[in-house]
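The values are calculated or read from the model by the stated rules, or taken from the named source; none is laboratory data. Computed from a predicted structure; not experimentally measured. Neighbour counts run over all protein chains shown; Cβ positions are idealised from the backbone, glycine included.
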Amino acid sequence: MRQNIYLSNISLNEAIDIFLEKIKDFKLGREYVKTYGANGRVTAKPIFAKISSPFYSCSAVDGIATVAKKTFTATDKNPVRLKEGVDYVVIDTGDPIPDEYDCVIMVEDLIWVSQDEVEIIKPAIPWQNIRQIGEDIVEGQLILPQSHRIRPVDIGALIAGGVFEVEVYKKPKVAIIPTGTELVEPGEELKVGDIIEFNSRVFAAQVEEYGGIPTRFDIVRDDFEKLKAAVDKASKEYDIILLNAGSSAGREDYSKKVIETLGEVYIHGIAIKPGKPVILGKVNNKPIVGIPGFPVSAYFIMENIVKKLINFVQGYDIKDKRYIEATLSKRIMSSSKYLEFVRVKLGFIDGKYIAAPIERGAGTTMSLVRADGVLEIPEELEGYEKGTRVNVNILKSEDEIKNTILCIGSHDLILDIAADLLAKRGKFTLSSAHVGSIGGILSLKDRETHFATIHLLDVETGEYNKSYVKRYIPNRKIALIKFVKRIQGLMVKKGNPLEINSLEDIVKKGARFVNRQKGSGTRILLDYELKRLGINPKDIIGYDREEYTHISVAAQIAKGNADAGLGVFSAAKIMDLDFIPIANEEYDIAIPVEYLELEGVKQFLEVINSEEFKNELDKLGGYDYSNLGEIIIIE
Ligand SMILES: Nc1nc2c(c(=O)[nH]1)N[C@H]1C(S)=C(S)[C@@H](COP(=O)(O)OP(=O)(O)OC[C@H]3O[C@@H](n4cnc5c(N)ncnc54)[C@H](O)[C@@H]3O)O[C@H]1N2
Ligand code: MOO
């Protein structure tokens, strides 16, 4: 079968304008709902008050209702005496004012002379302390315009104004069709090539959040006729159709063809990344969106197009993105052909927001879970230099961001454990961006992180971390907080079939090695050890074969593609490999001395010094925490 050829390069805003123009005649029906249940609904017509509020004159205070004229002569020296039943009645806040009275005096201003007599020493002004009819809402007044999204405060005004039912747009019924022969339902047994279907579940939650009613269809295999039947059915019974995956140009990507056959495709391809191959069209007069399969691409299509669509059919133009200005912690390149959405971690350091970019892949759902914000790099730019002030769409409140401790540096699982224990305390969160030890040190130097986690061996002295901090950050007073010693060792297949017990054995036994990339702490350690032992790297088979993480090294050995590699114990444990300890690596926290006083940092230090944290380290294994918490000021 021939592949599709596609993809226009239209901008996001242009595409949305064209799409909404094409479907502008499609509007949802209307319905009446109880006012108290109308939160979040969109008014289908203007709503006017049926009664005034208050609808009678009433007292605004507790006191007595009287006639102002009778009090005009009252002074300190010449109090006026009033008698109950003759000159006044006692009245509480909210009580109606009897016709014969025209003002209310607060109980605090009364001098009680007897059970039923009071004196006052200040004249009252006519209508004082009286809420007049319609003071809040006047009968016939506009309470809400049409196309207004009803909020909790609106419900109060509507009910006070005698409106107990409101006419709103029906919520759109949204059909979600997951497609793909590789998809299996959660819980089904997995074999190579299977993907657990989850996009549709994310969409359903998003549709609800946007104000629609989601219905998820069963997974449809990559089969033109089956897909056509599902879309046809959905377009007859639902208001909006979301067709997930098969939006690209592959042999089994039928989405475009199905939509074309049943209706019209207006746009295939938008200049955004991720999310480029999106399809916008109409079937049976119903809007349909073909959403790319990759979860991150799908997320941005939902947030930027489907959210607008769900609001548009209810007559509402949503613009609810919130932005802050932040300083970029590292240079980021982007193609000038696309508007790119880059997930970032955010922190607030020395009075300014810092944005640290994280993973960019379209398949990395965790980048969305971890993101504090999204940096939108415009189409016409090729990226931003480190230090540029950029606008970031925030996914958290500014308060939450201000209570975030930012860590930029080398990653280790134990940071996630510390983050969890810190979050449990309720106030602060730890956000970490993984850029390696040197990247972390550079961020410290540029005041873009609260602290950096580092493990850098000085090959001259054999000492960890200190000399790097001194060399890279000469102008800031930095403390090194001892964190853990990580046991680095050789990972070998379970049972150690080649009987490798040292680095020398790699050469002796002719084992196939898999290395880490140049510049990584582990690579520096390996080279240091090889030099110390007098081993020539050229004698190691596979010395030039590089992987980027501990886990990927472990995975190569588990798959049988290599016999040995250097890495941390936890990676060996996860991949069920044997582990031969080689050296202890010092993984420490470098932090400006002044930040030791920050409340969030103090709490973080309490967390890592706690027994609970150490217990977690014991469970993981491979960590020595005998010096944990020791603070060394680097002079
Ligand atoms: N020749 C070209 N190939 C591709 C291009 C291109 O321009 N030219 N664009 C790439 C881009 S960008 C994207 S995005 C993807 C979009 O692909 P499809 O929409 O056709 O999606 P699939 O290939 O079917 O799936 C991609 C990926 O996502 C997983 N997936 C799909 N549905 C679900 C689901 N419901 N739950 C969880 N995961 C799902 C799927 O298994 C795949 O791994 O095309 C590129 N190709
Ligand atoms: O544009 Mo695709 O949507 O990057 O992954």
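Can you tell me which residue within the range 181-225, out of those that are of a type in the set (A, V, I, L, M, F, W, C), surrounded by 13 or more Cβ atoms within 10 Å (Cβ to Cβ) and assigned to a loop (DSSP other than H, G, I, E, B), is farthest from ligand 2 (Cβ to nearest atom)?
Looking at residues that are of a type in the set (A, V, I, L, M, F, W, C), surrounded by 13 or more Cβ atoms within 10 Å (Cβ to Cβ) and assigned to a loop (DSSP other than H, G, I, E, B), I get 217.
Only one residue in 279, 259, 291 is within 22 Å of residue 204 (Cα to Cα), near ligand 1 (Cβ under 8 Å from one of its atoms) and crowded, with 23+ Cβ neighbours inside 10 Å. Which one?
Checking each option against the conditions leaves just 291.
So in the range 351-369, with the set limited to residues that are free of Cβ contacts under 8 Å to residues at least 40 places away in the same chain and more than 14 Å from ligand 2 (Cβ to nearest atom), which one is surrounded by the most Cβ atoms within 10 Å (Cβ to Cβ)? If you could, list the steps in order and put the result at the bottom.
Keep residues of the range 351-369 that are free of Cβ contacts under 8 Å to residues at least 40 places away in the same chain, which gives 351-352, 355, 359-360, 366, 369.
From the residues that got through so far, the ones that are more than 14 Å from ligand 2 (Cβ to nearest atom) too are 351-352, 355, 366, 369.
Details: 351: 5, 352: 14, 355: 33, 366: 14, 369: 8.
The qualifying residue surrounded by the most Cβ atoms within 10 Å (Cβ to Cβ) is 355.
Of 384, 338, 323, which residue is surrounded by 15 or more Cβ atoms within 10 Å (Cβ to Cβ) and away from ligand 2 (no atom under 16 Å from the Cβ)? Before the answer, list the steps.
On the way: 338 fails: away from ligand 2 (no atom under 16 Å from the Cβ); 323 fails: surrounded by 15 or more Cβ atoms within 10 Å (Cβ to Cβ).
None of the others qualify; the one that does is 384.
If residue 447 meets every condition in (1) of a type outside the set (Asp, Glu); (2) in a helix (DSSP H, G or I); (3) on the phi > 0 side of the Ramachandran plot apart from one, which number is that one?
(2)
For residues that are of a type in the set (Val, Ile, Thr) and farther than 30 Å from residue 224 by Cα, scanning just the range 166-180, find the one that is surrounded by the fewest Cβ atoms within 10 Å (Cβ to Cβ).
Initial filter on the range 166-180 (of a type in the set (Val, Ile, Thr)): 166, 168, 174, 176-177, 179.
Imposing the further condition that a residue be farther than 30 Å from residue 224 by Cα reduces the set to 166, 168.
Values: 166: 23, 168: 25.
In this case the residue turns out to be 166.
Of the residues that make up the range 438-453, is at least one modelled with pLDDT under 95, farther than 22 Å from residue 574 by Cα, among the polar types (S, T, N, Q) and surrounded by fewer than 19 Cβ atoms within 10 Å (Cβ to Cβ)?
No: zero hits.
Could you list all residues from the range 524-556 that are within 26 Å of residue 494 (Cβ to Cβ) and of a type in the set (Gly, Ala, Ser)?
Once the filter is applied, which keeps residues that are within 26 Å of residue 494 (Cβ to Cβ) and of a type in the set (Gly, Ala, Ser), the range 524-556 yields 542, 552, 554, 555.
Here are some residues: 543, 623. Which one is in contact with a helix residue (DSSP H, G or I) (Cβ under 8 Å, 6 or more places away or on another chain) and free of Cβ contacts under 8 Å to residues at least 60 places away in the same chain? If you could, list the steps in order and put the result at the bottom.
On the way: 623 fails: free of Cβ contacts under 8 Å to residues at least 60 places away in the same chain.
The conditions single out 543.
Being surrounded by fewer than 20 Cβ atoms within 10 Å (Cβ to Cβ) and over 33 Å from the mean Cα position of the chain (by Cα), is that true of even one residue in the range 38-45?
yes
Take residue 568 and tell me if it is of a type in the set (Val, Ile, Thr) and buried (at least 17 other Cβ atoms within 10 Å of the Cβ).
Values: of a type in the set (Val, Ile, Thr): yes; buried (at least 17 other Cβ atoms within 10 Å of the Cβ): yes.
Taking the combined requirement at face value, the residue satisfies it.
Restricting to the range 266-316, and then to whatever is among the β-branched types (Val, Ile, Thr) and assigned to a loop (DSSP other than H, G, I, E, B), can you tell me which residue is farthest from residue 381 (Cα to Cα)? Don't jump to the end; show me each part of the working.
Kept after step one, since they are among the β-branched types (Val, Ile, Thr), are these residues of the range 266-316: 267, 270, 272, 278-279, 283, 288-289, 291, 296, 301, 305-306, 310, 313.
After this cut, where a residue has to be assigned to a loop (DSSP other than H, G, I, E, B) as well, the list is 278, 313.
Numbers: 278: 22, 313: 33 Å.
Here the residue is 313.
For the condition surrounded by fewer than 19 Cβ atoms within 10 Å (Cβ to Cβ) and out of contact with any Phe, Trp or Tyr (no Cβ under 7 Å at 6 or more places or on another chain), what is the one hit in 343, 425? Quick ask: steps written out before the conclusion?
On the way: 343 fails: surrounded by fewer than 19 Cβ atoms within 10 Å (Cβ to Cβ).
Going through 343, 425 in turn, just one is surrounded by fewer than 19 Cβ atoms within 10 Å (Cβ to Cβ) and out of contact with any Phe, Trp or Tyr (no Cβ under 7 Å at 6 or more places or on another chain): 425.
Give the range 69-99 a look and list any residue that's closer than 16 Å to residue 120 by Cα, touching a residue at least 40 places away in the same chain (Cβ under 8 Å) and under 60 Å from the mean Cα position of the chain (by Cα), or say none.
none
Conditions (1) in contact with a strand residue (DSSP E or B) (Cβ under 6 Å, 6 or more places away or on another chain); (2) not assigned by TED's automatic domain parsing to the domain that holds residue 289; (3) not basic (Lys, Arg), marked per residue:
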residue: 139; (1), (2), (3): no, yes, yes
residue: 143; (1), (2), (3): yes, yes, yes
residue: 148; (1), (2), (3): yes, yes, yes
residue: 153; (1), (2), (3): no, yes, yes
residue: 156; (1), (2), (3): no, yes, yes
residue: 160; (1), (2), (3): yes, yes, yes
residue: 164; (1), (2), (3): no, yes, yes
residue: 177; (1), (2), (3): yes, no, yes
